[in-house]
Amino acid sequence: MSGAARRIWGLIYRHLCMYRHSWPRLLEIAYWPALELLIWGFTANFFSRGIHEGAAVLAGAALIAGVLLWEIVLRSQIGVTLSFLEEIWSRNLGHLFVSPLRPAEMVAALLAVSVIRTFIGLLPATIIAFLLYHYDLFAPGPVMVLFFLNLLVMGWWVALGIVSLLFRYGAGAEALAWTIAFGITPFACVFYPVASLPGWLQPVALALPAAHIFEGLRALLLSGQTDWAQFGWAAALNAAWMLAAIAVFGAEFRRARIRGALISIGE
Amino acid sequence: MEAISVENLVKRYPATLAVDHLSFSLERGRILGLLGGNGAGKTTTISMLLGLLVPTSGRINVLGHDMAHDRFAALARMNFSSPYIALPARLTVRENLEVYGHLYNVPKLKHRIGQLAEQFRLTELLNRPAGDLSAGQKTRVALAKAFLNQPDLLLLDEPTASLDPDTGDYVRTALEEYRRESGAAILLASHNMAEVERLCDEVLMMKQGRVADRGTPAELIARYGRENMEQVFLHIARSEAL
C-alpha cells in the first residue's frame with residue numbers, strides 16, 4: 001500500500017473501529033432513512049386510495065423513490081460532516097493535523113466513510129420499501145447507479161462547504177451539519193416538478209443537481225426513458241459545485257492555519 | 001546538524017503580538033527546554049513548528065525541510081505529544097496506535113506496538129478503550145504514539161504531567177535513552193523544573209513572545225545566583241524587565 005493509501009486507510013480504520021465499539025452510532029446510521037421511509041410509504045399508500053390504479057402506483061413509486069434517493073444526499077453529507085465532528089469532539093484533530101496526513105487525504109478518507117455510512121443507512125430502507133410497499137429501487141436498471149453517484153457527490157460538496165464553515169466558525173457552527181441539507185430540500189424538487197415552484201425560485205432549483213436528477217427520475221417513472229439531458233445537467237453542476245467546494249475548503253483551511261483556528265476549533 | 005532552525009519568527013494576531021522575532025536552533029541529539037509562563041508564546045511557537053499555525057513572518061526549517069513549503073516531509077519524521085490533545089476515547093489503546101501507525105506509515109506495526117507497549121508499561125492496557133484510562137495512563141499512551149515512527153525530532157508538551165513519581169522517572173529515563181540511542185532531538189515544554197534540569201542541554205526562557213534568556217540550566221542558575229531552575233523561572237517570570 002502506498003503512503004497516501006495507507007494514511008487514508010488509517011483514518012477510515014479509525015472510524016470503522018469507532019462504529020465497532022458503539023452500537024448507538026451504528027443504529028443511528030440506519031434509523032432515520034428507515035423511519036422516513038415508513039412515514040412516507042404509509043402516507044403514499046393512504047393518498048393513493050381511490051386513485052386510478054396506474055396513477056396510484058406511479059405516485060407511490062415517485063414518492064418512495066424520492067424519499068430513498070434524497071436520503072442519499074442527506075446521508076452522504078452527514079457521513080462527511082459527522083466524521084469530521086467526531087474528530088473535534090474527541091479532541092483528536094490536533095494529532096491528525098500534525099501527522100503526515102494531507103488535507104486532501106483526510107477529505108478522501110471522510111468521503112470513503114460517507115460512502116460506507118450511506119450504504120449501511122440505505123440498505124434497510126431499501127429492503128423495507130421492497131417488502132412493505134413492493135417498490136424495487138433497482139427496477140429501472142443500471143441507470144440508477146448514475147443517479148446514486150450524482151446524489152452522493154452532491155452530498156459531498158454540501159459537506160465540504162459545512163466543514164469549511166467549521167474551520168471558520170469552529171464547533172459553534174456544528175448545528176449547520178444537521179440543518180443545511182434539510183434547508184436545501186424545498187429547492188431540490190424531490191417530490192414535485194421544478195415548474196411547480198414560483199418563477200423566481202426556479203433558477204435556484206435548476207442550479208442544484210438534485211432538481212435535475214428528480215426531474216429525470218419522474219421522467220423515467222412516467223415514460224420508462226432516461227432523460228440524458230437532465231442527467232448531463234446534474235453531472236455538470238455537480239462538477240462545478242464540487243470544484244467550488246474544494247476551492248472554499250482549501251481557502252478556509254489555509255485561513256484557519258493563519259488564524260490559529262486549528263488549535264481552538266473545538267472551543 | 002540542526003533539527004530545528006528558527007529565524008526571526010513573528011506571529012501577530014489582530015490584538016496581540018504572540019511571538020516577537022524569535023530565533024533559535026536545536027542540534028540533533030540535544031534536548032532543548034522551552035520555558036515560560038502562561039502567554040509567553042510557547043504554545044504558539046510549538047504550533048508553528050508543527051505546521052498548525054502559519055507565522056506572520058520569519059522562517060522555520062525542520063530536519064532540513066522548510067515548513068512553509070515542505071511541511072509534510074518534516075512531519076513524517078517528527079512526532080508530538082501533549083496531555084491537552086486527546087486520542088479517540090472509544091478506540092482501544094491498540095486501535096489508536098494502529099491508526100497512527102498507518103498515518104505515520106510505520107513498518108512491522110504489530111511488532112512496533114508490542115515494543116512500545118512493553119516500553120511504556122501498556123501491555124495490560126492494549127485492549128482497553130483509551131477513554132477508560134487514568135490521566136497517567138493516557139499520558140503514557142500519548143508518549144507511545146509519539147514514539148511510534150521513531151522520530152528524528154520529538155516535540156513534547158508536559159510529557160510527564162499526571163504521572164506518578166515512579167512512572168515520571170521511568171519516562172524521563174526512556175527519553176534520555178532514546179535521545180542517546182537514536183540521536184533524535186527533543187524540544188520539551190515543561191513546568192516541571194526538576195525535569196528540565198535533569199533532561200535539558202539548553203533552556204530557552206520565553207516572556208511576552210521573546211527570548212528572555214537562554215543557556216544551560218547550570219549557566220542560568222549561576223547567572224541569576226539561584227539554587228535551582230525553579231527559582232530562575234520565578235525570577236524571570238516576575239521581573240518587570242525583559
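Results, tabulated for the structure shown:
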| read-out | value |
| --- | --- |
| Residue with peak Gaussian network fluctuation, chain A [Cα springs, cutoff 10 Å], from A:ILE39, A:ILE184, A:ILE78 | A:ILE39 |
| About the Cα centre, charge dipole magnitude for the protein assembly as shown (Lys/Arg +1, Asp/Glu -1 at Cβ), debye | 320 |
| CD proxy at 222 nm, helix term only [per DSSP H run n ≥ 4: -39500 (n - 2.57); per residue of chain B; nearest 500] | -11000 deg cm²/dmol |
| Neighbour-count order for B:MET1, A:MET144, fewest beta carbons within 10 angstrom listed first | B:MET1, A:MET144 |
| Which of A:LEU122, A:ASN45, A:TYR135, positive extreme of dipole for the range A:11-145 (C-beta unit charges) | A:LEU122 |
| Helical mean residue ellipticity (222 nm; -39500 (n - 2.57) per DSSP H run of 4+; nearest 500) of chain A | -27500 deg cm²/dmol |
| Those aspartates and glutamates that a straight Cα-Cα span of less than 18 Å connects to B:LYS108, excepting residues fewer than 8 apart in one chain | B:GLU95, B:GLU98, B:GLU118 |
| Sequence-distant lysines (8 or more away, or on other chains) whose Cα lies within less than 25 Å of B:LYS42 | B:LYS11, B:LYS138, B:LYS145, B:LYS207 |
| Unit charges on C-beta of K, R, D, E only; dipole of chain B, Debye | 580 |
| Residue exposure sequence - A:ILE88, A:ILE127, A:ILE162 - by fewest surrounding Cβ within 10 Å | A:ILE127, A:ILE88, A:ILE162 |
| Partner chain coverage, peptide B:70-77 - average Cβ within 10 angstrom | 3 |
| Within 10 Å of each Cβ in B:86-96, the average number of Cβ atoms from other chains | 6 |
| Shielding score for A:6-15, defined as the mean number of other chain Cβ atoms within 10 Å | 5 |
| Rel. contact order, % - alpha carbon contacts under 8 angstrom, at least six apart, chain A | 24 |
| Test item: Cα-centred dipole of the range B:124-242, Lys/Arg +1 and Asp/Glu -1 on Cβ, debye | 340 |
| Contact order relative to length of chain B, as percent, for alpha carbon pairs under 8 angstrom and 6 or more apart | 26 |
| Spatial separation of Cα centroids for the range B:174-190 and the range B:1-65, in angstrom | 19 |
| Amide hydrogen neighbours beyond the local backbone of B:GLU27, cut-off 5 Å, H modeled | B:ALA3 |
| For B:VAL19, distant residues with modelled amide H under 5 Å away | B:LYS11 |
| Kirkwood estimate for chain A, i.e. one over the average of 1/r between Cα atoms, Å | 19.6 |
| Choice from B:SER190, B:SER25, B:SER81 with maximal GNM fluctuation in chain B (Cα, 10 Å cutoff) | B:SER25 |
| Karplus-derived 3J(HN,Hα), 6.51/-1.76/1.60, for each residue of the range A:119-136, Hz, glycine and proline x | 5, 4, x, 8, 4, x, 5, 5, 5, 4, 4, 6, 6, 8, 10, 6, 10, 9 |
| Residue order, fewest to most beta carbons within 10 Å, for A:GLU71, B:GLU177 | B:GLU177, A:GLU71 |
| Anisotropy class of the range A:1-49 from Cα gyration tensor, a/c 1.5 cut | oblate |
| 14 Å beta-carbon shell around A:GLY3, net charge (K/R +1, D/E -1) | +3 |
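Read-outs throughout are calculated quantities, based only on the coordinates presented, and are distinct from any laboratory measurement. Since the model is a prediction, treat every value here as computed from it, not as a measurement. Using ideal geometry, Cβ is built from the backbone for each residue, glycine included, and neighbour counts are taken over all protein chains shown.
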